[in-house]
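The values are calculated or read from the model by the stated rules, or taken from the named source; none is laboratory data. Small disclaimer: the values here were computed from a predicted structure and weren't measured. Cβ placement follows ideal geometry from the backbone for every residue including glycine, while neighbour counts extend to all protein chains displayed.
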Amino acid sequence: MQIGRLKTVQEHLCTLNSLCLVLGFDFKQTVLGIHLSLGDEGPKSVSNDTIQQLAAAIQQLREIKLQRMQKVNNDLKINSATLFFEFCVLSLG
């Protein structure tokens, strides 16, 4: 049981690290906000609460990532529409 929990914590930490890298967040600060033992090389907290907080942090960062991707997508659509409009105006002129 303990080994399974440790594996879950390690997987969550790996996922959090990847998301922090992509989003430009400080991984260590993020995990220290969940549990102090997660920022050390020593034993990690594998309690249900820690696992739930890690999962919640992952979900929150995934939502931020999705929001940023949607904003970029919207900005690209607006820029494309503007360029197309300018092209049409220049073509008619």
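Being touching a helix residue (DSSP H, G or I) at 6+ places or on another chain (Cβ under 7 Å), in contact (Cβ under 8 Å) with a residue 12 or more places away in the chain, surrounded by 10 or more Cβ atoms within 10 Å (Cβ to Cβ) and part of a helix (DSSP H, G or I), is that true of even one residue in region 66-77?
No, every residue in region 66-77 fails to be touching a helix residue (DSSP H, G or I) at 6+ places or on another chain (Cβ under 7 Å), in contact (Cβ under 8 Å) with a residue 12 or more places away in the chain, surrounded by 10 or more Cβ atoms within 10 Å (Cβ to Cβ) and part of a helix (DSSP H, G or I).
Each residue in region 19-52 was checked for being surrounded by fewer than 16 Cβ atoms within 10 Å (Cβ to Cβ), in contact with a helix residue (DSSP H, G or I) (Cβ under 9 Å, 6 or more places away or on another chain), within 24 Å of L66 (Cβ to Cβ) and among the polar types (S, T, N, Q), and 1 of them qualify. Only one entry in I64, I34, I58, I51 is out of contact with any Leu (no Cβ under 9 Å at 6 or more places or on another chain), at negative phi and aliphatic (A, V, I, L, M), namely I51.
Consider L83 carefully, then state whether it is surrounded by 10 or more Cβ atoms within 10 Å (Cβ to Cβ) and within 22 Å of L6 (Cβ to Cβ).
When the stated conditions are applied, L83 does not pass them.
Given the criteria part of a helix (DSSP H, G or I), among the small types (G, A, S) and within 21 Å of H12 (Cβ to Cβ), does S91 qualify? No, not satisfied. In region 36-93, the residue that is farthest from the chain's Cα centre (by Cα) out of those that are of a type in the set (D, E) and at pLDDT below 90 is E86.
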